[in-house]
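Notes for the one structure printed next.
The values are calculated or read from the model by the stated rules, or taken from the named source; none is laboratory data. Keep in mind the model is a prediction, meaning the values are calculated, not measured. As a convention, Cβ positions derive from the backbone with ideal geometry for all residues, glycine included, and neighbour counts pool all protein chains shown.
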Protein chains: 4
Amino acid sequence: MSGELFGPALTTPAMDAAVSDEAWLRALLRFESELAAAEAGEGVIPADAAEAIAAACGSAELDARTLGAHAIASATPVVPFLSALRRKLPDESHRHLHFGATSQDALDTAAMLIASAAIGQLDGDLRRLAAACAELAERHAATGMSGRTLMRRARPTTFGLKAAGWLVAVEEARTALDRFRQTRLSVQLGGAAGSLDVLGVAGVRVAQHLAERLGLTEPVVPWHANRTRVAELAGHLAVAGGAAAKIALDVILLSQDEVGEVEVSAPGASSSMPEKRNAARAVEARAAHSRLLGVVPPLLASMASENERAAGAWQAEWSAISDAFRFTAGAVAGALDTIRDLHVDVARMRQNAEDGEPPAAAGELIRRALRRYGPRP
Amino acid sequence: MSGELFGPALTTPAMDAAVSDEAWLRALLRFESELAAAEAGEGVIPADAAEAIAAACGSAELDARTLGAHAIASATPVVPFLSALRRKLPDESHRHLHFGATSQDALDTAAMLIASAAIGQLDGDLRRLAAACAELAERHAATGMSGRTLMRRARPTTFGLKAAGWLVAVEEARTALDRFRQTRLSVQLGGAAGSLDVLGVAGVRVAQHLAERLGLTEPVVPWHANRTRVAELAGHLAVAGGAAAKIALDVILLSQDEVGEVEVSAPGASSSMPEKRNAARAVEARAAHSRLLGVVPPLLASMASENERAAGAWQAEWSAISDAFRFTAGAVAGALDTIRDLHVDVARMRQNAEDGEPPAAAGELIRRALRRYGPRP
Amino acid sequence: MSGELFGPALTTPAMDAAVSDEAWLRALLRFESELAAAEAGEGVIPADAAEAIAAACGSAELDARTLGAHAIASATPVVPFLSALRRKLPDESHRHLHFGATSQDALDTAAMLIASAAIGQLDGDLRRLAAACAELAERHAATGMSGRTLMRRARPTTFGLKAAGWLVAVEEARTALDRFRQTRLSVQLGGAAGSLDVLGVAGVRVAQHLAERLGLTEPVVPWHANRTRVAELAGHLAVAGGAAAKIALDVILLSQDEVGEVEVSAPGASSSMPEKRNAARAVEARAAHSRLLGVVPPLLASMASENERAAGAWQAEWSAISDAFRFTAGAVAGALDTIRDLHVDVARMRQNAEDGEPPAAAGELIRRALRRYGPRP
Amino acid sequence: MSGELFGPALTTPAMDAAVSDEAWLRALLRFESELAAAEAGEGVIPADAAEAIAAACGSAELDARTLGAHAIASATPVVPFLSALRRKLPDESHRHLHFGATSQDALDTAAMLIASAAIGQLDGDLRRLAAACAELAERHAATGMSGRTLMRRARPTTFGLKAAGWLVAVEEARTALDRFRQTRLSVQLGGAAGSLDVLGVAGVRVAQHLAERLGLTEPVVPWHANRTRVAELAGHLAVAGGAAAKIALDVILLSQDEVGEVEVSAPGASSSMPEKRNAARAVEARAAHSRLLGVVPPLLASMASENERAAGAWQAEWSAISDAFRFTAGAVAGALDTIRDLHVDVARMRQNAEDGEPPAAAGELIRRALRRYGPRP
């Protein structure tokens, strides 16, 4: 994998950890352990089997490389994962592990747990980005500058209003993700064909308990072949990454030598021109956004899943979801590093805005943005 | 344009009308007329100017072809649109038309009005599709059939549960679109650089009145360069079209000759084999979905807009938004025509599901889906 | 259709005609007429039937709107097209029309004929664009300017070398399209399942004659479900449109007020600021490129066609191919209009390139580009 | 990285190695070493400096993780890469390393070297896939089966003709990639702004020698901001992956229980139904294809690069190129594993093709395909 050479610039270490192989395996273990507990609670499997499973899940040391290699034969890592887990279990509990479940139950639930943690991660990054925007909006409420449309000078604006626009976009993205996290991350439990054929009606109650235990919502029916959650997630991440890429683009445009209105405080060096001040983090935010836009289509396309489980589209989701989070985090972090400690050349802004007077309404608009999305007292 | 030869199969006449040139022009006229009224209400322009403008907008006969040809020089149809409109106005009102506004104010607000009507259109189609799914779910609650995963027979399910899954996806898409319509369709009013530099603080009140008059929400700040609304819309349409494409795909798979579990009632003829029963409408739903997925990326990409107005990405939105609605409607209508009066071969379903017993939980799951999303009493 | 209001800025009238409904219908008529002639030549149908068919095709007045509406039932316009054509034929020739062919034979061959003409159209536009680049490269071979990387000033270059880079990209795109046109535009003739089941081995010879008559190549085997040609075409168009978008982007960047190194000669007006000089045609080139990038994915995705004819992906191709040509032409024409009569501020370029000396190798590099791709003597 | 858990099913170990961090670092080392040699040959740097550089490159042990982490600050791994390399060099050679080059020279040339090896890798896989198709085409030349269009039975074909169609697509993809490899993989050497400002006209000769030493072609001019090669590569990979996905899809369709015409010899197990025979490798081929289609757009979009070096699009290419190769290899390998030792149920094919007679022309068409693309004697 070229992940270690090119990857770090396109994500954050925290997000990389949140969607790592280890995080997925922990989520799979949590699914199996809590499923067993929920099933024991409903009398579907014996209580001591659930305990044995919890113990096995708690102590399992799984090797992603080995499981990944063995996953090829079945097109799902859950098959070798369960084999490895069974080796930790007394024989009599083998049949109680993953009872009535199918590999998509485990993987979809794991994906939701991963998404929950990763959105939480993003939420922090987006809050920090919003705070940095809000701070710029407040500080530069009266800093007049040239508004530019179609890349030409139009009428004046203020740098604070520009930052307020960034703030609103970031907060719109963040609150949509937050709402998605609270309402749409659902447990998956349907069994082999999504019909709870083994668990029967008890399966509905098991799913309910499982959802409670995992902090996920309960879906109306199993959603093996209804990928709205996945497509919605892709859309929300595209918006969040886009809000960040917009900030990065604006800073790059303003820091052009001839414009010179802002300067990044920690410029990136160049291999041939060590003194050149590149907005490296903004460039990386845009690169991450570009990659992000390529991860969205497969996640939207998986809506068209065949029958009760897709033959290809679903299997593409796992790594695509991870990549979508990685690249979104990369775009957001790049934008944050870019505007944190941004050096703003107020004099140059005024000079570029020849006819100068900052617009009278800018202050009011900024206050609206800050009232809605600014720092909480 | 090849629109009339290939277009009708990929959309509906009603949606085609809702996003037509004429609809866009009506929306632009409505923007200018209501803007003048709102401005007169705030004393920004004289009341009689507003009346003259309303009269001109009411009687204007604009020719899309001419305007489109003249739009090339300015990269916006609003420039020739205003010229044409001014020719209908007394000289003294010329300067009150579009006062303090910019072409993006007109076009973005028009896009929101178009979206409002088009989502309304889709809402009806999606409700009909949901009702057809609900009816199948109810009628076939106990119709056992083979669940199929990775395109192979897995454990049994019921046709009703399959239809319930369709229903849930369609309703999730519909309700998300409805929520978007109610909360995110905002008026645009920012002036040349999004800073209300001409209207000043009165512009904030004008925007508020304009929003009320047009039935749109009021944004926190002008959103010329914050395209979250557009990207969100693209995401919601992709989900709605995907829910329809999933139904179409399932019917195509079930109507394969060797499977033979459903048959479309109005089969499409073939040029070489008139007797062949093609699921033409399902095929068209999938084709529309394929085109839809191609319209989404430009709409997501426009998040990264330059400065106060994008130099390219925004100008790509107008036709892309129209196409996104067209193809979504096409997918939904294709799916609806497909399952309306679907002939279900219950005996064949049972025969294909060798071990037969429909799963005990299916009925309960279907009831959950119908309670949540079924026909309102 | 919003085609007339927003469409013209994203294409050219000539290309719009080349991919119009009428052009498609002419191509379909040509297929049927020449197929009959080729079949008569092989004794597959009577000579007088071929003559009657040629006469009917020559005099047919088909209405795209009617055919498009009737195409919905069969998911192919060829079914109503043939019905309309048969009404012009004596009864005894009915069965000789479209003999042994299937609707995909007609549509795929028509697509290749459309592509041939449309690539020819593009070839002219690209040659003009290349010539304009070459002229700039030659004229400004010694015009020093700042090279800019990551949007910051790097070492000096010349404007001629920049234009030479544009030239090379445009010509690489053009020659690839030309080679594609000469080698990959193949006739389609396979019959209902691509196996020439009706025509038998004579069908191979008919296909050969048909290819000669239509100026297309002969494929190794029918390619109903092998969409390499379509995917390759999409790739080539993306490259051509991308080469144009790169020029448009560079001009927009150089014409920013603060950079001021070039100015477009026919600036686009603004609705709020009539004096503002927007690079309207460059903006439109970028918008067309954005839409183009959205048409490519469905055309690449159709490689994965089901069995002997796709159930959705193929039906999405027809309008997508037309749109791909439209948007490519729009990008190319926008770039051409942008650099034709571009005003270059040589003094400003030198001033912006503080350390001035144009690089010694620039002249040699430009000569290499002109020797390879410059004006033919 | 979730690469080890989900990655292996979507690529091959050999391709993963060919595009690994280590492969990129080797390519970068080769660039620097051969650049020094070419420069010494032209008298641009002293011969002993070139020897010292070759020695340092030969013995360098670089850690991708460390370099990747340090790459963030400059948005290019070449900066820390050169720092690490300089630590291996005597002080007096420091300034001769990377002399007159820029980081894009190193990375673009490395990308071409990576592409050369990776296409070579793919070529072998595609040849094996073609050979497997050819073998099926020959063996089943007379095996009648139902041709299916729009997923319904149409007229008869033969399984050999279907396999011949696969063969042609695979070979069209392979030969296009091969031609691309031979003609379009060019060295990059332009210096900081692509104008050879440090090397001067000697740089043209250095580039020529460097190209010879590396087995790459010589470009007309430096191509830092002309990304035709990258976009073309993306297009070719999409076609190759698509040809593989088509085979996978067809096998999945034919191996449906109700169709039962083929069976994969090594079925994938299921976590809930160990006896179920999933076409796991075909499913993985489709998943890899889905991810591949998402990598193409960023690579096409980078055509629109800013000025002399892109601020985002280029930086997205490195990992995207690697991923594009990975997923293409995954699709091809999945298809190959799927049809290698495919069990064909000839009787079932005949039975499903009710009216049975295999078409007379099928044999001739298959011979055409085998003459053109079949096994070389």
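The table for this structure:
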| read-out | value |
| --- | --- |
| Identity of the residue in region A:168-180, at the interface with chain B (Cβ under 9 Å from one of its Cβ atoms) and of a type in the set (A, V, I, L, M), that ends up farthest from A:Arg128 (Cα to Cα) | A:Ala176 |
| Subset of region B:351-377 that is more than 14 Å from chain A (Cβ to nearest Cβ) and either free of Cβ contacts under 8 Å to residues at least 24 places away in the same chain or buried (at least 24 other Cβ atoms within 10 Å of the Cβ) (or both) - its residue that is farthest from the chain's Cα centre (by Cα) | B:Gln351 |
| Those residues of region C:126-136 which are under 14 Å from C:Ala240 (Cβ atoms) and surrounded by fewer than 23 Cβ atoms within 10 Å (Cβ to Cβ), in sequence order | C:Arg127, C:Arg128 |
| Condition broken by B:Arg95, with the remaining ones in (1) modelled with pLDDT of 95 or more; (2) in contact with a helix residue (DSSP H, G or I) (Cβ under 8 Å, 6 or more places away or on another chain) satisfied | (2) |
| Among the candidates C:Arg291, C:Arg281, residue that is in contact with a Ser or Thr (Cβ under 6 Å, 6 or more places away or on another chain) and surrounded by 24 or more Cβ atoms within 10 Å (Cβ to Cβ) | C:Arg281 |
| Residue match in region A:137-152 (condition: surrounded by fewer than 24 Cβ atoms within 10 Å (Cβ to Cβ) and in a helix (DSSP H, G or I)) | yes |
| In region C:209-240, residue surrounded by the fewest Cβ atoms within 10 Å (Cβ to Cβ) [restricted to those that are of a type outside the set (Ser, Thr, Tyr), closer than 26 Å to D:Leu370 by Cβ and more than 11 Å from chain D (Cβ to nearest Cβ)] | C:Glu212 |
| Boolean, D:Gly100 is surrounded by fewer than 24 Cβ atoms within 10 Å (Cβ to Cβ), within 16 Å of D:Pro222 (Cα to Cα) and either more than 13 Å from every other protein chain (Cβ to nearest Cβ) or not charged (D, E, K, R) (or both) | yes |
| Selected residue (only one of D:Ala335, D:Ala304, D:Ala285 is within 12 Å of chain C (Cβ to nearest Cβ), more than 30 Å from C:Arg153 (Cα to Cα) and in contact with a Gly (Cβ under 7 Å, 6 or more places away or on another chain)) | D:Ala285 |
| Residue list for region C:121-154, filter: more than 11 Å from every other protein chain (Cβ to nearest Cβ) and polar (S, T, N, Q) | C:Gln121, C:Thr143 |
| From B:Asp123, B:Asp105, residue being in a helix (DSSP H, G or I), crowded, with 24+ Cβ neighbours inside 10 Å, among the acidic types (Asp, Glu) and modelled with pLDDT of 95 or more | B:Asp105 |
| Search result, residues across region D:73-105 that are closer than 18 Å to D:Ala313 by Cβ and either in contact with an Asp or Glu (Cβ under 8 Å, 6 or more places away or on another chain) or of a type in the set (Asp, Glu) (or both) | D:Ala75, D:Asp105 |
| Filtered residue count, region B:51-69, keeping only those that are of a type outside the set (Gly, Ala, Ser), farther than 17 Å from B:Ala38 by Cβ and either at pLDDT 95 or above or touching a strand residue (DSSP E or B) at 6+ places or on another chain (Cβ under 7 Å) (or both) | 5 |
| Where B:Thr157 falls short, out of the listed (1) within 13 Å of chain A (Cβ to nearest Cβ); (2) in a helix (DSSP H, G or I) | (2) |
| Residues located in region B:11-24, provided they are of a type in the set (A, V, I, L, M, F, W, C), within 7 Å of chain C (Cβ to nearest Cβ) and assigned to a helix (DSSP H, G or I) | B:Trp24 |
| Only listed residue being surrounded by 22 or more Cβ atoms within 10 Å (Cβ to Cβ), charged (D, E, K, R) and over 30 Å from D:Ala282 (Cβ atoms), chosen from D:Glu34, D:Glu61, D:Glu42 | D:Glu34 |
| C:Asp257 part of a loop (DSSP other than H, G, I, E, B), charged (D, E, K, R) and free of Cβ contacts under 8 Å to residues at least 24 places away in the same chain | yes |
| Residue in region B:327-350 that is crowded, with 24+ Cβ neighbours inside 10 Å, charged (D, E, K, R), more than 18 Å from the chain's Cα centre (by Cα) and under 23 Å from B:Met151 (Cα atoms) present | no |
| Scope region D:161-214; condition over 17 Å from D:Ala115 (Cα atoms) and of a type in the set (Ser, Thr, Tyr); matching residues | D:Ser195 |
| Enumeration of residues in region D:181-203 that are facing chain C (nearest Cβ under 10 Å) and either aliphatic (A, V, I, L, M) or surrounded by fewer than 24 Cβ atoms within 10 Å (Cβ to Cβ) (or both) | D:Arg184, D:Ala192, D:Ala193, D:Leu196, D:Val198, D:Leu199, D:Gly200, D:Val201, D:Ala202 |
| Residues that are outside any helix (DSSP H, G or I), farther than 22 Å from C:Ala134 by Cβ and out of contact with any Leu (no Cβ under 8 Å at 6 or more places or on another chain), drawn from region D:208-245 | D:Gly215 |
| Residues being at the interface with chain C (Cβ under 7 Å from one of its Cβ atoms) and over 15 Å from B:His236 (Cβ atoms) - total across region B:307-327 | 8 |
| Residue list for region B:83-97, filter: surrounded by fewer than 20 Cβ atoms within 10 Å (Cβ to Cβ) and part of a helix (DSSP H, G or I) | B:Ser83, B:Ala84, B:Arg86, B:Asp91, B:Glu92, B:His94, B:Arg95 |
| Of residues in region A:147-191 being of a type in the set (Ser, Thr, Tyr) and without any contact (Cβ under 8 Å) to a residue 60 or more places away in the chain, the one nearest to A:Val251 (Cα to Cα) | A:Thr149 |
| Criterion: in contact with a Gly (Cβ under 9 Å, 6 or more places away or on another chain) and within 20 Å of D:Thr109 (Cα to Cα) - qualifying residue of D:Leu10, D:Leu29, D:Leu25 | D:Leu29 |
| Selection within region D:59-78 - of a type in the set (D, E, K, R) and facing another protein chain (nearest Cβ under 7 Å) | D:Arg65 |
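Yes/no matrix, rows are residues, columns are (1) closer than 14 Å to D:Pro8 by Cα; (2) under 28 Å from the mean Cα position of the chain (by Cα):
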{"residue": "A:Ala37", "(1), (2)": "no, no"}
{"residue": "A:Glu42", "(1), (2)": "no, no"}
{"residue": "A:Ala47", "(1), (2)": "no, no"}
{"residue": "A:Ala64", "(1), (2)": "yes, yes"}
{"residue": "A:Gly68", "(1), (2)": "yes, yes"}
{"residue": "A:Ala71", "(1), (2)": "yes, yes"}
{"residue": "A:Leu82", "(1), (2)": "no, yes"}
